[in-house]
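The structure appears below as structure tokens.
The values are calculated or read from the model by the stated rules, or taken from the named source; none is laboratory data. In this text, all values refer to a predicted model and were calculated from it rather than measured experimentally. Note that we place each Cβ from the backbone using ideal geometry, even for glycine, and neighbour counts take in every protein chain shown. Accessible surface is based on the protein model in full, side chains and every heavy atom, while ligands, DNA and RNA are left aside. Shrake-Rupley method; radii C 1.70, N 1.55, O 1.52, S 1.80 Å.
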Amino acid sequence: MLLLALDTATPAVTVALHDGTDVVASSSQVDARRHGELLLPAVDRLLAGAGLRLDAVTGIVVGVGPGPYTGLRVGLMTADTFGLALGVPVHGLCTLDGLAYAADLEGPFVVATDARRKEVYWARYADSRTRLSGPAVDRPADIADEVAGLPAVGAGALLYPDAFPDAHEPGHVSAAALASLAAERLAAGEELAEPRPLYLRRPDAQVPKNYKVVTPK
């Protein structure tokens, strides 16, 4: 087994290779505006550094969000393209699940990432492998009572300390965590999700309602 994992649902452009037992290599760059520019070169560097070719990959793991429309689709489209070109399966994982896995906390906790518009994408977890509810998108103040007293991880939690006073790193997901979680679930015979995006809300860009129609004379 050689899994190529990637995620662009947060400001981090993150990729990793996993051989079914351990993470072979990983890389992360934080740049919310350059997902499309950074992802493919990161994959190339990762494979070259590990002395491997793309055709050695036997499966793709991609974070499906939730995340902003533009960044999220970069990772999903890249994963689909790799899967089609290589003829290998593409597995989806909730990005928040990867953050929870990396946090490795015991007991109930919350994962929250920055959803912009003064909102967070969030979910509750019983432990690092078990999601209890979510994902959802809300204003921090609106869920303060629901998350009160719970530790939290993620950039959204760090950004709003009033709602998440017990916030911790990591801020962004790592593909290494996604790959490890996917490898663990596949080894247990679990079926992973389809690589379909969790947008949770409509994209920021909208077609103007009263645009001027220009017709040829």
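Things to note:
- If you check 69, 101 for being under 17 Å from residue 193 (Cα atoms) and out of contact with any strand residue (DSSP E or B) (no Cβ under 7 Å at 6 or more places or on another chain), only one passes: 101.
- Of the criteria (1) at pLDDT 95 or above; (2) surrounded by 15 or more Cβ atoms within 10 Å (Cβ to Cβ), which one residue 198 fails: (1)
- The combined condition, being of a type outside the set (Val, Ile, Thr) and either under 30 Å from residue 150 (Cα atoms) or open to solvent by less than 50 Å² (accessible area, probe 1.4 Å) (or both), is not fulfilled by residue 85.
- Considering (1) in contact (Cβ under 8 Å) with a residue 40 or more places away in the chain; (2) of a type in the set (A, V, I, L, M, F, W, C); (3) over 15 Å from residue 180 (Cβ atoms); (4) open to solvent by less than 50 Å² (accessible area, probe 1.4 Å), the lone condition that residue 39 does not fulfil carries the number (1).
- Residue 24 vs. criteria in contact with a Leu (Cβ under 9 Å, 6 or more places away or on another chain), hydrophobic (A, V, I, L, M, F, W, C) and open to solvent by 60 Å² or more (accessible area, probe 1.4 Å): yes
- Filter result (assigned to a loop (DSSP other than H, G, I, E, B) and at pLDDT 95 or above) within segment 54-99: 57, 58, 64, 65, 66, 87, 88, 89, 94
- Test: residue in segment 14-24 that is at pLDDT 95 or above and part of a helix (DSSP H, G or I): no
- Residue-level check: of (1) surrounded by fewer than 18 Cβ atoms within 10 Å (Cβ to Cβ); (2) modelled with pLDDT of 95 or more; (3) out of contact with any helix residue (DSSP H, G or I) (no Cβ under 7 Å at 6 or more places or on another chain), residue 140 misses just (1).
- Residue match in segment 124-135 (condition: open to solvent by less than 40 Å² (accessible area, probe 1.4 Å), part of a loop (DSSP other than H, G, I, E, B), of a type in the set (S, T, N, Q) and in contact (Cβ under 8 Å) with a residue 24 or more places away in the chain): yes
- Residue that is farthest from residue 153 (Cα to Cα) [pool: residues in segment 100-123 that are part of a strand (DSSP E or B), touching a residue at least 40 places away in the same chain (Cβ under 8 Å) and in contact with a Leu (Cβ under 6 Å, 6 or more places away or on another chain)]: 114
- Of the residues screened, residue 155 is one that is within 18 Å of the chain's Cα centre (by Cα), buried (at least 17 other Cβ atoms within 10 Å of the Cβ) and within 19 Å of residue 32 (Cβ to Cβ).
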